[in-house]
Amino acid sequence: MTWPEFHHEAMATTFALVIADHPTDYARQAAAAAFRELDRLESELSRYVESSDIARANRLAPGETMAIGDDALQCLLIAADVSLATHRAFDAAYASVRAPDQPADAPLFTLDPASHTLTSHAARLHLDLGAVGKGYALDRMAAQLAEWSVTTACLQSGGSTALALAPPSGHSGWPVGLGEDATHRLLSLSQVALSGSGIAVQGAHLIDPRTGAPAPRTTRAWALAPTAALSDALSTAFFVLPEADIAAFCAAHPAIGAASALSGTQLAAYGALRPHL
């Protein structure tokens, strides 16, 4: 069966929604509401929108504090948690410029959730939510669909992240692809998100925040997680980390899975992703 699919351009990519078990006209209205939420989030989170919270934060002087909205706060808190858990293999502020006397392990910015404020500690703060913001947007779009009582859907951002909600009636999951060419697999996913990171499209653009140099990996890495924001950020971290560290992370976090292309014909799988491959 073919279900209605809807597309929308935002955050420099194409978002897609497939909605099952609802009349097409109703599905179209629900998708339009989700895309309105997406546009709102782009205005809050994109560093390219001058009035966004992130763009304003990037203009802060050292020591200056500003109020931020709930979406920017939540997205930055997720990014900070992933940065801590991966020992800074992921860092939304990696391109910031430290003050000459600032220790290498000192935070470049701090958040106060109680007051919804952000304080810059960098000579020039450079926040970039490109590796977590699209996933966060998918999570918020799913919440918007739920307000329309739409729970059987699959959401995607540019082919890099898929958020599979409840499967259509009579199905065990949503078909989501992983791997390329000889390593391609079609997974059946439900109530989980899968993200992939690589350099095939944009070249060697993924930087290891700990060294400032391009990550040495040349093949793709994937992350499976309960939310799209988490899978989005973790797939970037896994692209930076060596295989042993990816395996250790998944062993310590049972809800997380990972896969990486070891060659053009071989995939390695870890944690919660292993049963799917």
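A short reminder: the numbers here are calculations on the coordinates, not readings from a lab. As the structure is a computational prediction, the values presented were derived from the model and not from experiment.
For the chain, the share of alpha carbon pairs falling in successive 10 Å distance bins from zero is 7, 29, 34, 23, 7, 1, 0 percent. Take every Cα pair under 8 Å whose residues are at least 6 apart in sequence, average their separation, divide by the length of the chain, and the relative contact order is 16 percent. Computed over the chain, the per-residue total of -39500 (n - 2.57) for DSSP H runs of n ≥ 4 gives a 222 nm mean residue ellipticity of -9500 deg cm²/dmol, rounded to 500.
Along the range 68-73 the Karplus relation, 6.51 cos²θ - 1.76 cosθ + 1.60 evaluated at θ = phi - 60°, assigns HN-Hα couplings of 10, x, 5, 5, 4, 4 Hz to successive residues, with x for each Gly and Pro.
Give the separation of the Cα centroids, the range 84-110 to the range 61-76, in Å. A separation of 16 Å, based on Cα centres. Result for the chain in a Gaussian network model with C-alpha springs under 10 Å: among 186, 125, 241, the largest mean-square fluctuation is at 186. With q set to 0.09, 0.17 Å⁻¹, the log10 of I(q)/I(0) for the range 1-147, from the Debye formula over equal scatterers at the Cα positions, is -0.34, -0.93.
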